[in-house]
Amino acid sequence: MSAQFILQELLSVADAERAAFLRGFFKTGKGQYAEGDVMLGVTAPVLRDIVKYAPPMPLPEVQALLDSAYHEARLAGLLCLVKQFKKAKGEERRAIFEFYLQNTRRVNNWDLVDVSCRDIVGAYLLDKADRSLLYRLADSHNLWEQRIAIVSTWMFIKFRQLDDTLKLAAQLLSHKHDLIHKAVGWMLREVGKKDKDTLVSFLEKHHGQMPRTALRYAIERFLPEERAYFMRKGE
């Protein structure tokens, strides 16, 4: 199956009314974080069905999807890449991982980051001692690479490897963008699901530096009195 076939499938189910809604939802207006992104208005279940039945594609075909102006085409390309990575072994996994890193600037909205980085970057680095790449991404001037850095640790959290999430969260606490605040708070909340005491210790140390959005996300699963305690401390 070629990129062109998938693109034709997406175009055949495009919905102009939904596309108009998505342009607002994903902040594609002038001066917004996804300025100029083009939406087709394809629903997530339909898009995932298209990808589900697609056979593996050579990386140049995936590249054609990632290079598309259409948001849903890039999303389809990334979902194809995740599917192929999960079945890959050895050098093929490494090739997909490196291909993903070469295309981080095409992973240019929060949903594109969130559906792909955990299962490619996080999964590849799970058994690696050297995870310095994530800290370099967190230091990037590119918003999406910074979000990739923290959300990739979701895979580590799944296996109770919490240290990198905490270190990256601390590194990103002074970030100015709401999308990073949300991602940091979300990953801290995931840490709390595995080890609440570890999360509480982090919050006790860093609550004064944390943006309110990150703090609210992090304590979402706490009891009301616990949430009130940390929100007061964060004031």
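Scan L40, L10 and give me the residue that is in a helix (DSSP H, G or I), surrounded by 12 or more Cβ atoms within 10 Å (Cβ to Cβ) and on the phi < 0 side of the Ramachandran plot.
L10
Within segment 103-116, does at least one residue satisfy the condition of being small (G, A, S) and under 22 Å from L203 (Cα atoms)?
No, that holds for no residue.
Return yes when D119 is touching a Ser or Thr at 6+ places or on another chain (Cβ under 6 Å) and either part of a helix (DSSP H, G or I) or over 21 Å from R93 (Cβ atoms) (or both) and no when it is not.
No; evaluated as a whole, the condition is false for this residue.
Out of F202, F230, F222, F156, I need the residue that is closer than 21 Å to V115 by Cβ and surrounded by 13 or more Cβ atoms within 10 Å (Cβ to Cβ). Which one?
F156
Any idea how many residues of segment 73-91 are surrounded by fewer than 21 Cβ atoms within 10 Å (Cβ to Cβ), assigned to a helix (DSSP H, G or I) and among the hydrophobic types (A, V, I, L, M, F, W, C)?
Summing the residues that are surrounded by fewer than 21 Cβ atoms within 10 Å (Cβ to Cβ), assigned to a helix (DSSP H, G or I) and among the hydrophobic types (A, V, I, L, M, F, W, C) in segment 73-91 gives 1.
Mind telling me which of the residues A34, A54 ends up being closer than 19 Å to I120 by Cα, in contact (Cβ under 8 Å) with a residue 12 or more places away in the chain and in a loop (DSSP other than H, G, I, E, B)? First the steps, then the outcome.
Values: A34 fails: closer than 19 Å to I120 by Cα.
Testing whether each residue is closer than 19 Å to I120 by Cα, in contact (Cβ under 8 Å) with a residue 12 or more places away in the chain and in a loop (DSSP other than H, G, I, E, B) leaves just A54.
Quick one: which residue in A138, A169, A149 is among the small types (G, A, S), out of contact with any Phe, Trp or Tyr (no Cβ under 6 Å at 6 or more places or on another chain), in the same structural domain as E204 (by TED's automatic domain parsing) and more than 28 Å from D67 (Cα to Cα)? Spell out how you get there, then give the answer.
On the way: A138 fails: more than 28 Å from D67 (Cα to Cα); A149 fails: more than 28 Å from D67 (Cα to Cα).
The unique qualifying residue is A169.
The values are calculated or read from the model by the stated rules, or taken from the named source; none is laboratory data. Since the structure is predicted, the reported quantities are computational estimates derived from the model, not experimental observations. Glycine gets a Cβ as well: all are built from the backbone with ideal geometry, and neighbour counts include every protein chain shown.
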